[in-house]
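Heads up, the thing below is written out as structure tokens.
Quick note: the coordinates plus some simple rules give every number you see, no bench work behind them. Note that this is a predicted model, so its numbers are computed, not measured. Every residue, glycine as well, gets a Cβ built from its backbone with ideal geometry; the counts of neighbours run over all protein chains shown.
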Amino acid sequence: MIASWESVGRIDGNVVIVEDDPTLLRITQYIVEELGAKTVTFETADQALEYLVQSSLHCCIVIADYGVPGQINGMDLVRIVREKWPSVKTLLMSGYPLLPETVPYPTVYLPKPWTVDQLLFSISRLLRPGTPDQKL
């Protein structure tokens, strides 16, 4: 369950990150950018969804925290992304215990608190061909 920076591979594309905790947002953004991606960050799922609908940039991954404020939460955002843009990979993080069957398949679920290794491992699962297992 440990992934190294080298084993994850490079992310070629844009990654949307939704996290209302500024520290976790910066850490996640740093890690994803170190893997080669360009990032767009939001504090609410509402803002992220508006961006995804209006943007002409292709997004390859959406990383969302479950408990973000707004009219929709991270789980709602992941469901919408899976429905509207099925080729976009999704990762849902949560400090709340979630039943794996409630997480939209094939979203990868990463419970908080997580370590850098766990985030890298989750991202590597998203980048592998085929469908990832849901839970870390």
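For GluC sites (Glu not before Pro), no site in segment 28-77 is both called loop by DSSP and has at most 12 other Cβ atoms within 10 Å.
Near residue 39, the amide H atoms lying under 5 Å from its own belong to 15; only residues 5 or more places off or on other chains count, and H is placed 1.01 Å from N. Under the criterion of Cα pairs below 8 Å and six or more residues apart, the relative contact order for the chain equals 25 percent.
Counting charges near residue 24 (Lys, Arg +1; Asp, Glu -1) among other residues having Cβ under 12 Å from its Cβ returns a value of -3. When the alpha carbon gyration tensor of the chain is reduced to an equivalent ellipsoid, the three semi-axes, largest first, read 19, 17, 15 Å. Counting only DSSP beta bridges whose two residues both lie in segment 14-127, roughly 0 percent are antiparallel. Sequence-distant contacts, meaning Cα pairs under 8 Å at least 6 residues apart, place the relative contact order of segment 56-98 at 48 percent. The order of the peptides 98-105, 20-27 by mean Cβ neighbours within 10 Å, most packed first, is 20-27, 98-105. For the chain, the 222 nm mean residue ellipticity estimated from helices alone, with every DSSP H stretch of n ≥ 4 adding -39500 (n - 2.57) and the total spread over all residues, rounds to -11000 deg cm²/dmol. This model, with +1 at the C-beta of Lys and Arg and -1 at the C-beta of Asp and Glu, gives segment 14-127 a dipole about its Cα centre of some 340 debye.
Close Lys pairs in the chain (alpha-carbon distance under 21 Å; sequence gap of 8 or more, or different chains): 4.
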